[in-house]
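Chemist: If you scroll down you'll find the structure; I have some questions about it.
Read-outs: derived from the displayed coordinates by stated rules, not from any lab. Computed from a predicted model, the values in this text were never measured in an experiment. Here the Cβ is made from the backbone with ideal geometry for all residues, glycine too, and neighbour counts use every protein chain on show.
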Amino acid sequence: MTTVSLTVNGQSVTADVDPRTLLVQFLRENLRLTGTHVGCDTSQCGACVVHLNGQAVKSCTTLAVQANASVVTTIEGISQGGDLHPMQAAFREHHGLQCGYCTPGMIMSAIDIVNRKGNAVDEQTIRAELEGNLCRCTGYHNIVKAVAAGAQAMAQAPLQQAAE
Amino acid sequence: MTATGIGAPVRRKEDQRFVTGQGRYVDDFNRPGQAHAYFLRSPHAHAAIRSIDTGPATIMPGVIAIFTGDDLATDKIGGLICGWMIHSKDGSPMKAGPHPALAQGKVRYVGDHVAVVIAETLAQAKDAAEAIVVDYDVLPAVVDTAQATKASVQVHDVSPDNTVFNWHLGNKDETEAAFARAKHVTKIDLVNNRLVPNPIEPRAAVGEYDFGTDNYTLYTTSQNPHVARLVLSAFIGVAPEHKLRVIAPDVGGGFGSKIFIYAEETVCVWAAKKVKRPVKWTSDRSEAFLSDAHGRDHVTHAEMATDENGKIIALRVHTTANLGAYLSTFSSSVPTYLYAPLLSGQYDIPAIYCEVDGVYTNTAPVDAYRGAGRPEATFVVERLVEKTARELGQNPAEFRRKNYITQFPHVTPVIMTYDTGDYAASLDKALEIADYKNFEQRKQESVRRGKLRGIGFSSYIEACGIAPSQAVGSLGAGVGLWESAEVRVNPTGSVEVLTGSHSHGQGHETTFAQLVSDRLGISIDQVSIVHGDTDKVQFGMGTYGSRSGAVGMSAIAKAIDKVIAKGKKVAAHVLEASEGDIEFKDGRFGVAGTDRSMAFGEIALQAYIAHKFSGQDLEPGLKEGAFYDPTNFTFPAGVHICEVEIDPDTGVTKIERWTAVDDFGVIINPMIVEGQVHGGIAQGVGQALLEGAFYDESGQLITASFNDYCMPRAIDLPSFQVGMTVTPCPSNPLGIKGCGEAGAIAAPPAVINAITDALGHEDIAMPATPQAVWRAAQKSRMPMAAE
Ligand code: FES
Ligand code: FES
């Protein structure tokens with residue numbers, strides 16, 4: 001067993017874990033943050049994307065111990081006081097989800113894309129940047145629209161962005 | 001149309017939980033004291049099991065129990081079943097081999113279930129599984145669909161030549177006669193590639209047993225929890241039906257693969273009682289590739305006969321359908337009654353004859369995958385129509401138009417009665433949206449850049465709204481395919497709808513609430529949709545085959561009509577009028593010709609307090625149920641046009657434009673319907689360009705992860721242009737035809753027709769990968785190939 005201490009969605013957590021514990025297992029099983037999903041075992045689908053120190057990572061390919069002394073944000077941690085994050089709101093408004101299983105990872109990747117590529121990110125860039133996220137339901141059409149709209153909306157909500 | 005009624009693009013009610021990570025999928029459930037199951041799977045495609053030694057594994061850390069097929073047999077747990085009986089041409093029943101949940105004596109595909117380890121943690125269960133010693137006598141395997149009946153290998157004793165059935169449909173003599181007098185015959189050989197459904201949520205199950213009450217609970221990733229309960233109780237015998245509660249909570253996509261009743265959930269329920277602990281199993285993706293039922297896998301030769309006027313006069317088709325190593329739950333119906341009846345497409349074809357040989361191989365079971373039989377039929381028809389038009393030198397759009405069915409109802413030679421449609425209207429709209437008239441110009445522009453451009457059509461039809469119970473019963477179905485609904489009005493006027501449909505991405509919590517809102521004049525916020533729990537919903541047949549709108553919502557509409565009828569009786573007492581004078585309009589019960597009226601919610605309260613009528617005259621309460629059995633299939637149809645540009649140097653096919661014009665009848669929520677179309681197209685494009693499940697000669701699945709099996713990603717797809725035409729369906733009260741599978745059905749031939757148009761010859765198989773397209777481009781006589 002190894003001790004890990006990290007901040008998850010603004011809360012400090014410390015736990016003893018088997019060293020082989022993946023970050024996604026730690027989030028889902030130890031912390032019961034089940035919004036982060038597992039869709040594959042080859043780091044291909046992106047259902048597990050969270051932010052580690054502000055950057056998107058696949059939590060299925062990250063050990064919990066690698067997140068020691070880090071700040072992790074999951075899908076449960078991005079809305080503020082009952083208001084959806086602009087990217088969450090954009091996915092809802094533009095029907096960027098159907099079964100919802102890929103959605104947390106998509107939204108966490110999308111926020112990261114905006115952080116890296118800016119609020120005016122265009123459709124082709126969004127499609128290329130979503131290379132690490134699979135969705136089997138939507139055909140991506142509405143996800144792309146949602147990410148573009150969410151990117152614009154994030155420019156209008158700087159406070160929320162900063163809070164992350 | 002009200003803001004939340006029928007036809008409004010209402011934002012989805014379910015999304016609040018999904019975008020915030022609050023969805024509850026099966027793997028999110030953790031039961032007190034739960035143990036973890038891991039299945040030891042066969043590494044061989046075909047082997048006799050000489051012995052299984054679990055001894056060393058049993059004493060490993062954390063191991064609670066290890067079970068094999070012998071343990072299931074001892075407890076008299078039955079095998080998995082196939083619920084649709086197909087009879088061969090000679091009248092003999094299909095040859096169904098045994099399908100034990102854990103292997104008994106033999107394994108028949110890589111991934112077949114050999115033993116289950118139940119341990120305190122998943123890691124411990126996996127470690128112990130590695131310590132189980134299985135002595136296999138490895139046998140040669142049969143893998144290839146077309147060669148299955150000629151192989152010396154025998155998958156099941158009941159079928160010496162691996163044939164499950166030799167089935168046929170249509171009129172052979174008339175078809176032969178039409179071919180004899182044909183002016184032109186077009187022939188084609190096609191492979192409909194094997195696919196892995198791959199919903200992003202893998203399958204999962206948690207079984208639980210309560211010793212105090214003798215009740216079992218199964219949480220499972222199911223599209224049809226009541227059917228799962230029925231099969232698990234009546235056929236497999238793990239628990240009596242009234243003692244088994246099956247819960248299918250949020251389910252992360254299904255596409256058919258979560259219809260079936262698999263070994264894993266069977267074992268989890270059974271083992272929970274054996275080990276006196278809840279037992280949880282969650283598939284990883286590698287297991288999903290090996291053991292989820294696959295889709296498609298047809299090898300087909302087809303011929304189309306035309307007369308001197310370019311009219312199609314006959315079609316004959318021979319298909320070999322690979323059903324895998326075992327008959328999965330609905331597998332036998334897919335290449336038969338869900339396939340051949342669609343071979344008339346949108347065309348007036350007087351004579352059709354189709355033969356299908358279902359075969360066993362040492363591969364994963366094959367069953368329904370989005371479209372189920374209809375994409376395979378559409379691929380045959382639309383590839384043949386396109387090729388015929390080209391051979392006759394006719395414009396492919398106009399050749400289709402000339403052969404469209406225009407009079408309804410239309411009875412096809414393959415047992416379908418098309419109720420309504422306007423195929424030319426969809427074609428016209430699609431041609432306009434696709435800017436077809438300027439295609440030549442775009443093509444020349446591509447040529448100037450050294451690229452090849454092609455356009456491909458697909459005039460698809462599908463049979464949805466599955467299905468009239470009597471009709472499917474006469475065709476071999478083991479169940480009726482009606483749907484049920486219960487509408488419970490609360491004293492405060494809010495409404496719960498209990499439905500036998502199941503939503504795993506379709507948005508029923510929104511669309512079903514829209515129907516209630518529309519009919520009862522209440523806000524959708526006043527409506528809750530309850531589904532996916534056999535303890536709450538009395539019975540239901542579930543969601544597949546685009547049936548939840550046409551069949552599931554029709555049941556709700558019927559129950560709402562009964563609620564309104566009962567409400568009128570209550571209103572008559574409260575408003576002191578005769579029942580015949582009560583009208584229900586805009587959410588109010590009123591007395592005709594007066595201004596006396598009461599809101600729906602007020603009457604609901606009166607129904608429950610029951611002060612204004614005597615219990616002898618009228619029962620208190622406001623709750624009604626209905627079963628709706630459809631009178632016909634529904635026939636969504638449309639035209640998809642795909643325009644591609646191919647780089648002959650790299651073989652990369654880029655979809656430049658996608659136009660979809662569909663007639664789904666009446667639409668409840670256009671936003672959701674368009675989303676269904678997008679998703680279907682993506683899966684169809686995946687089949688055409690990227691996806692293929694391939695086994696090597698020894699039966700190893702060589703495309704067994706997302707690294708090797710190419711799923712469509714955002715960059716592989718364009719934005720889609722979606723248009724609609726509407727001919728309301730006459731056979732159900734809402735006029736709905738269904739939309740869930742259209743894209744997956746329409747897309748593959750549209751893509752391949754576009755590629756073959758660009759390349760100038762017909763020889764390309766799915767998936768048309770860059771390598772395959774590059775090879776074809778080199779072979780073709782296009783000027784580019786000379787380089
Ligand atoms: S679970 Fe698929 S990439 Fe992490
Ligand atoms: S919404 Fe179902 S996988 Fe993306």
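Chemist: Work out from phi, with θ = phi - 60° and the Karplus expression 6.51 cos²θ - 1.76 cosθ + 1.60, the ³J(HN,Hα) of each residue of the range B:254-264, listed in order in whole Hz, and give x for Gly and Pro.
Modeler: Calculated HN-Hα couplings, in order: x, 6, x, 5, 9, 6, 7, 9, 9, 4, 5 Hz.
Chemist: Report the Cα centroid-to-centroid distance between the range B:164-194 and the range B:339-385 in angstrom, as an integer.
Modeler: 12
Chemist: Right, something else. Step through the table entries B:402/B:451; B:95/B:243; B:429/B:562; B:187/B:737; B:443/B:779, compare each Cα-Cα distance with 28 Å, and write down the pairs that go over it.
Modeler: Cα-Cα > 28 Å for B:402/B:451; B:95/B:243; B:429/B:562; B:187/B:737; rest within.
Chemist: Can you tell me which aspartates and glutamates have their Cα less than 16 Å from the Cα of residue B:612? Leave out same-chain residues fewer than eight positions away.
Modeler: Once the sequence-local aspartates and glutamates are set aside, what remains near residue B:612 is B:576, B:579, B:602.
Chemist: Moving on. Neighbour counts of other C-beta atoms within 10 Å: give me A:127, B:194, B:448 arranged from fewest to most.
Modeler: B:448, A:127, B:194
Chemist: Then there is this: Over the range A:2-76, consider all pairs of different Cα atoms and compute the Kirkwood hydrodynamic radius from their mean reciprocal separation; express it in Å, one decimal.
Modeler: After inverting the mean inverse Cα-Cα distance, the result is 11.9 Å.
Chemist: Additional query: May I ask you to list the GluC sites (Glu not before Pro) in the range B:275-369 that are in a DSSP loop and have at most 16 other Cβ atoms within 10 Å of their Cβ?
Modeler: B:308
Chemist: Please go through the residue pairs A:117/B:437; B:106/B:150; B:276/B:536 and name each one whose alpha carbons sit more than 30 Å apart in this structure.
Modeler: Values: A:117/B:437 38 Å; B:106/B:150 21 Å; B:276/B:536 25 Å.
Correct reply: A:117/B:437.
Chemist: Run the reach check for residue B:387 against aspartates and glutamates, Cα to Cα strictly under 12 Å, same-chain hits fewer than 8 apart removed. What comes back?
Modeler: B:189, B:303, B:757, B:762, B:763
Chemist: For the range B:638-726, what is the relative contact order in percent, using Cα pairs closer than 8 Å and at least 6 residues apart in sequence?
Modeler: Across the range B:638-726, relative contact order equals 36 percent.
Chemist: What residues qualify as long-range amide H neighbours of residue B:86, i.e. H under 5 Å apart, gap of 5 or more or another chain, H built at 1.01 Å from N?
Modeler: Answer set, sorted by chain and number: B:94.
Chemist: Cut-off 10 angstrom, C-alpha nodes, Gaussian network model of chain A. Which of A:36, A:14, A:103 fluctuates the most?
Modeler: Its mean-square fluctuation being the largest, the pick is A:14.
Chemist: While we're looking at this one, here's another question. Given N residues in the protein assembly as shown, what is Rg(Cα) / (2.2 N^0.38 Å)?
Modeler: Normalised by 2.2 N^0.38 Å, the Cα Rg of the protein assembly as shown equals 0.94.
Chemist: Also, I was wondering about something else. Using R₀ = 30 Å, calculate the FRET efficiency as 1/(1 + (r/R₀)^6) where r is the Cβ-Cβ separation of residue B:705 and residue B:17; round to 0.05.
Modeler: About 0.50, to the nearest 0.05.
Chemist: Another question, if that's okay. Using unit Cβ charges (K, R positive; D, E negative) and no other charged atoms, how large, in debye to the nearest 20, is the dipole of chain B about its Cα centre?
Modeler: Rounded to the nearest 20 debye, it is 420 debye.
Chemist: What residues qualify as long-range amide H neighbours of residue A:70, i.e. H under 5 Å apart, gap of 5 or more or another chain, H built at 1.01 Å from N?
Modeler: A:7
Chemist: Right, next: How do B:447, A:71, B:117, A:4 line up, fewest other C-beta atoms within 10 Å first?
Modeler: Listing B:447, A:71, B:117, A:4 from fewest to most nearby Cβ atoms yields B:447, A:71, A:4, B:117.
Chemist: Return the percentage of antiparallel bridges among DSSP beta bridges fully within chain B, rounded to the nearest 5 %.
Modeler: 80
Chemist: Additional query: Evaluate the relative contact order of chain B (contact order divided by residue number), counting alpha-carbon pairs under 8 angstrom at least 6 apart; express in whole percent.
Modeler: 15
Chemist: If you don't mind, another one. According to the Kirkwood expression over distinct Cα-Cα pairs, how big is the hydrodynamic radius of the range B:84-223, in Å?
Modeler: About 20.8 Å, per the Kirkwood formula over Cα pairs.
Chemist: Tell me, what ³J(HN,Hα) does each residue in the range B:649-658 have, in order and in whole Hz, if you take phi through Karplus 6.51 cos²θ - 1.76 cosθ + 1.60 with θ = phi - 60° and put x for Gly and Pro?
Modeler: Per residue, the Karplus-derived 3J(HN,Hα) values read 7, 10, x, 6, 9, 10, 7, 8, 9, 10 Hz.
Chemist: How long is the gain from residue B:121 to residue B:59 if the chain were fully straight, where each residue apart is worth 0.36 nm and the alpha carbon distance is subtracted?
Modeler: Value of the extension gain: 20.9 nm.
Chemist: Between residue A:18 and residue A:155, what length comes free when the chain is fully extended (0.36 nm per residue of separation minus the Cα-Cα distance, one decimal in nm)? List each step's numbers first, then the result.
Modeler: Details: separation 137, 0.36 × 137 = 49.32 nm, distance 4.13 nm.
That works out to 45.2 nm of additional length.
Chemist: In addition: What distance in nm lies between label points placed 7 Å from Cα along the C-beta direction at residue B:183 and residue B:494?
Modeler: Modelled inter-label distance: 6.8 nm.
Chemist: Looking only at the protein assembly as shown, where both bridge partners belong to it, what percent of the DSSP beta bridges are antiparallel (to the nearest 5)? Could the numbers behind the result be given before it?
Modeler: Details: 118 of 146 bridges.
Percent antiparallel among DSSP bridges in the protein assembly as shown is about 80.
Chemist: For the pair residue B:561 and residue B:146, what calculated FRET efficiency results from E = 1/(1 + (r/R0)^6), where r is the Cβ-Cβ distance and R0 = 51 Å, to the nearest 0.05?
Modeler: It comes to 0.45.
Chemist: Per DSSP H run of at least 4 residues, take -39500 (n - 2.57); add these up for the protein assembly as shown, divide by its residues and hand me the 222 nm value, nearest 500 deg cm²/dmol.
Modeler: One gets -8000 deg cm²/dmol as the mean residue ellipticity at 222 nm.
Chemist: Report, by chain and number, residues whose modeled amide H sits under 5 Å from the one on residue B:652, excluding near sequence neighbours (fewer than 5 apart, same chain).
Modeler: When sequence neighbours closer than 5 places are left aside, the close amide H contacts are B:647.
Chemist: Stretched out fully, how many nm does the piece from residue A:30 to residue A:123 gain, at 0.36 nm a residue minus the Cα gap?
Modeler: 29.7 nm
Chemist: A further question on this structure: Let me check against my output: what whole-number percent is the relative contact order of the range A:86-163, with C-alpha pairs under 8 Å and at least 6 apart?
Modeler: 49
Chemist: For a quick check: sort B:435, B:696 by the number of other beta carbons within 10 angstrom, fewest at the front. Intermediate values should be presented prior to the final figure.
Modeler: On the way: B:435 15, B:696 11.
Ordered by Cβ neighbours within 10 Å, fewest first: B:696, B:435.
Chemist: Obtain the nm distance between the two label points defined at residue B:726 and residue B:173 by a simple spin-label model: each point lies 7 Å from its Cα along the Cα-to-C-beta direction.
Modeler: 4.7
Chemist: Return the sequence-ordered ³J(HN,Hα) values of the range B:209-225 in whole Hz as given by the Karplus equation 6.51 cos²θ - 1.76 cosθ + 1.60 applied to θ = phi - 60°, using x for Gly and Pro.
Modeler: Rounded to whole hertz, the list is 10, 10, 5, x, 10, 6, 9, 10, 10, 10, 8, 8, 7, 10, 8, 8, x.
Chemist: Here's a follow-up. Check cross-link reach from residue A:58 to the aspartates and glutamates: straight Cα distance under 15 Å, and skip same-chain residues fewer than eight apart.
Modeler: The reachable aspartates and glutamates, counting only those whose Cα sits under 15 Å from residue A:58, are A:41, A:112, A:129, A:131.
Chemist: Something else now. Can you pick out the pairs among B:558/B:585; B:126/B:258; B:13/B:623 whose Cα atoms lie more than 21 Å from each other?
Modeler: Details: B:558/B:585 17 Å; B:126/B:258 24 Å; B:13/B:623 23 Å.
Those over the limit are B:126/B:258; B:13/B:623.
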